[in-house]
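To keep things clear, I will list the structure first and then write my remarks on it.
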Amino acid sequence: MKSFQKIGLGGGCHWCTEAVFQSLKGILKVEQGYIRSHGEHNDFSEAVLIYFDPEQILLKDLIEIHLYTHKSTSNHSFREKYRSAIYYLEESKKQTIKNILNQLQEEFDHQLVTKTLKFQEFQSSRTALLDYYINDPERPFCKKHISPKLDFLKEKYAKVAR
């Protein structure tokens with residue numbers, strides 16, 4: 001794999017998150033599963049690990065797309081299972097991510113609940129769930145929840161959508 005950076009993203013169903021980021025240029029690999037951090041966020045939560053080429057897609061674009069493709073301002077009752085977070089693997093990325101979130105906050109009417117968390121551990125989903133959308137985009141769940149997000153990407157982020 002050529003030179004890449006890696007980031008973890010969680011927020012909504014990992015099937016949706018996986019499909020969103022698989023549909024972008026500059027994404028080299030998406031691993032679907034569960035991520036945990038430290039302290040009060042030590043429990044696993046649905047998320048993806050993304051390997052991306054920063055020369056093709058910027059971290060800011062990835063974070064912006066992430067915020068717009070899940071309920072990033074909603075502190076709903078399933079937040080433990082679907083923690084809205086950006087997981088950094090390198091300490092040097094922590095402040096960059098916080099700065100990007102602060103800058104993007106201006107685009108939202110409500111406060112973002114997305115947390116910046118240190119990556120602790122990843123656990124992959126079972127094989128049968130991987131590439132969920134790619135393997136059967138005609139599933140009712142895919143048509144109802146994933147396809148509209150992909151249509152949104154093609155419309156709003158045409159420059160980075162495949």
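The values are calculated or read from the model by the stated rules, or taken from the named source; none is laboratory data. Computed from a predicted structure; not experimentally measured. Note that we place each Cβ from the backbone using ideal geometry, even for glycine, and neighbour counts take in every protein chain shown.
Determine, yes or no, whether residue 10 is in contact (Cβ under 8 Å) with a residue 40 or more places away in the chain, crowded, with 24+ Cβ neighbours inside 10 Å and not polar (S, T, N, Q). In short, yes.
Among the strands (runs of 3 or more DSSP E) confined wholly to the range 22-108, which include 2 or more residues that are at pLDDT 95 or above and over 28 Å from residue 159 (Cα atoms)?
Per the criteria, 27-36.
Within the range 32-48, the set of residues being closer than 19 Å to residue 92 by Cβ and surrounded by fewer than 21 Cβ atoms within 10 Å (Cβ to Cβ) comprises 38 only. Looking at this structure, is residue 85 touching a residue at least 24 places away in the same chain (Cβ under 8 Å) and small (Gly, Ala, Ser)? It is true that residue 85 is touching a residue at least 24 places away in the same chain (Cβ under 8 Å) and small (Gly, Ala, Ser).
Entry remark, the range 112-140: residues being touching a residue at least 40 places away in the same chain (Cβ under 8 Å) and surrounded by 14 or more Cβ atoms within 10 Å (Cβ to Cβ) number 15 in total. The condition (being free of Cβ contacts under 8 Å to residues at least 12 places away in the same chain, surrounded by 14 or more Cβ atoms within 10 Å (Cβ to Cβ) and within 17 Å of residue 8 (Cα to Cα)) is satisfied by just one residue among 58, 67: 58. Scanning the range 89-111 for residues that are closer than 23 Å to residue 78 by Cα and in contact (Cβ under 8 Å) with a residue 40 or more places away in the chain gives a single hit, 108.
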